[in-house]
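Here's the structure we're looking at; comments come further down.
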Amino acid sequence: MISAPRPLSAHRPAAPLAGTLRVPGDKSISHRALMFGALALGETRIAGLLEGDDVLRTAAAMRALGAEIVQGAEGWTVTGRGVGGLREPEDVLDMGNSGTAARLLAGILASSPGFAVMTGDASLRRRPMKRVIDPLTACGARFESRSGGRLPLAIHGAVDALPLEYRLPVASAQVKSAILLCGLNASGITRVIEPVATRDHSENMLRHFGAEVTVMVEGAGRVITLRGQPELIAADIVVPGDPSSAAFPIVAALLIPGSVLRLEGVGLNPLRTGLFTCLREMGGDIVIENERLEGGEPVGDLIVHHATLRGIDVPPGRVPSMVDEFPILAVAAAFAQGTTRMRGLHELRVKESDRLAATAALLECNGARLEVVGDDLLVHGTGRPAPGGGLVQTHMDHRLAMSALVFGLASDQPVRVDDGSFIDTSFPGFVDLMNGSIGNGGGSALRTV
Ligand code: S3P
């Protein structure tokens, strides 16, 4: 549970980053492992689950719906209730800061007969839910929300849910997954058409649990079909390291002269690796070793050396594969030589914060030059360390906080953040892990102030 604000600061470390580290488990896959495990029959064992606040909210919600979820020394186990076997929750479901938890759960609840109420923290209560309410209503569920389709949300699940056919108006894996989860307890074929491919962890995991899922590639997009009311069978899951979390030590190592860092077991699903493509195009020295498949997802070890970066043009079609990584890419861009153009960032406005505005403010208060033109962000790097010295407002956004702290590790002056407590939603232990990766026995470049 995120409680008191935690102001933090970061300054240039006394030694470069060095050594080997592992980042926590993938957030997207962790949520899905708990949800699909709860909908399967039998006992699913999960290794490497992210134990961050967002995922713990999903665990609590699935318990409230009747699944048995236990955290043991060897990992987590979920004893599921089967598709259609969830019970009505006795109390309000509080999804904390997590948009993924709230939207995916809305899909499950839409086709589960019974009544449920869902809420979240101040950040989540500002975020749009209409993008799932509108399509899910067509299955026969009824939703009542606060104005603007925001949480709290009351849901009357459909008794005999109809299968949905839906063309996504925004590239969103959360909306796609909500429709597929709803389709699990609907009779017949659910079909989702996505004009641009988004992360496919739900499709992969559904197959892993024995559902019949087909995926057809159509231009840049995909058509996904699911046969409803399958018997999902419990299956073990190994959660890879989260590439979205690996992004922070990777960029820190690229920016701090003399650094060499090895990150083991990082998820390399091609629909998640847009940032790595960008950083390499900028001249980043990132080598992938030991590529392998773990639990159906590609994984590898990344070796990162400090490098001199240059500005690039990031095409809008790449946005879904790095939608959470723009704040940290903007930090890298502020230290690169020349302009980095990031285009088509409208979806960033509805994340944990308005990430387009908040990223621009992060750079601005630390002396970097940038422009926001419509939904595009242009960062004009000088090729020299940026000034720093700013106090960054994080707006309850974990990725903003970590991006600002990485900025402070490389800038001339330290950088402070008003509240780093939300880092625990996705990257518990971030401060210790970063301090521990400073060479010569570690350091305390990141600290509570
Ligand atoms: C997620 C999808 C993305 C991403 C979020 C996790 C998921 O959101 O920003 O952090 O697990 O499906 P959208 O699908 O809404 O872009």
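The values are calculated or read from the model by the stated rules, or taken from the named source; none is laboratory data. Just so it is clear, the structure is predicted and the values come from calculations on it, not from any experiment. Backbone-built Cβ (ideal geometry, glycine too); neighbour counts: all protein chains shown.
Remarks
- Met216 vs. criteria without any contact (Cβ under 8 Å) to a residue 12 or more places away in the chain, in the same structural domain as Ala47 (by TED's automatic domain parsing) and not hydroxyl-bearing (Ser, Thr, Tyr): yes
- Residues of the stretch 132-174 that are crowded, with 20+ Cβ neighbours inside 10 Å and of a type outside the set (A, V, I, L, M, F, W, C): Pro135, Gly157, Pro163, Tyr166, Ser172, Gln174.
- Sole residue being among the hydroxyl-bearing types (Ser, Thr, Tyr) and either in contact with a helix residue (DSSP H, G or I) (Cβ under 7 Å, 6 or more places away or on another chain) or touching a residue at least 60 places away in the same chain (Cβ under 8 Å) (or both), chosen from Ser112, Ser147: Ser112
- Qualifying residue in the stretch 107-115 (condition: within 16 Å of the ligand (Cβ to nearest atom) and outside the structural domain of His395 (by TED's automatic domain parsing)): yes
- Arg355 satisfies every condition listed in (1) within 16 Å of the ligand (Cβ to nearest atom); (2) surrounded by fewer than 24 Cβ atoms within 10 Å (Cβ to Cβ) except (2).
- Tallying residues that are touching a residue at least 40 places away in the same chain (Cβ under 8 Å) and either surrounded by 24 or more Cβ atoms within 10 Å (Cβ to Cβ) or of a type in the set (Gly, Ala, Ser) (or both) within the stretch 66-82 yields 3.
- Hey, Asp418 under 30 Å from Ser3 (Cβ atoms), outside the structural domain of Leu151 (by TED's automatic domain parsing) and buried (at least 20 other Cβ atoms within 10 Å of the Cβ) or not: no
- Of the strands (runs of 3 or more DSSP E) lying entirely inside the stretch 348-436, those carrying at least 1 residues that are among the basic types (Lys, Arg) are 369-373, 415-417.
- Qualifying residue in the stretch 173-189 (condition: on the phi > 0 side of the Ramachandran plot and not charged (D, E, K, R)): yes
- Residue count for the stretch 309-326 under the criterion of being surrounded by fewer than 21 Cβ atoms within 10 Å (Cβ to Cβ) and not in a loop (DSSP other than H, G, I, E, B): the result is 5.
- On the stretch given as the stretch 277-299, residues that are assigned to a strand (DSSP E or B) and buried (at least 20 other Cβ atoms within 10 Å of the Cβ) total 2.
- Matching residues in the stretch 175-198 - criterion: being farther than 18 Å from Asp134 by Cα and surrounded by fewer than 24 Cβ atoms within 10 Å (Cβ to Cβ): Ser187, Gly188, Ile189, Pro195, Val196, Ala197
- So Gly429, is it assigned by TED's automatic domain parsing to the domain that holds Thr339 and more than 30 Å from Leu49 (Cβ to Cβ): no
- Answer residue from the stretch 149-195, given it is more than 16 Å from the ligand (Cβ to nearest atom) and among the β-branched types (Val, Ile, Thr) and is farthest from Arg272 (Cα to Cα) among those: Val159
- Among the residues of the stretch 19-44, the ones that are surrounded by 18 or more Cβ atoms within 10 Å (Cβ to Cβ), part of a strand (DSSP E or B) and more than 14 Å from the chain's Cα centre (by Cα) come to 1 in all.
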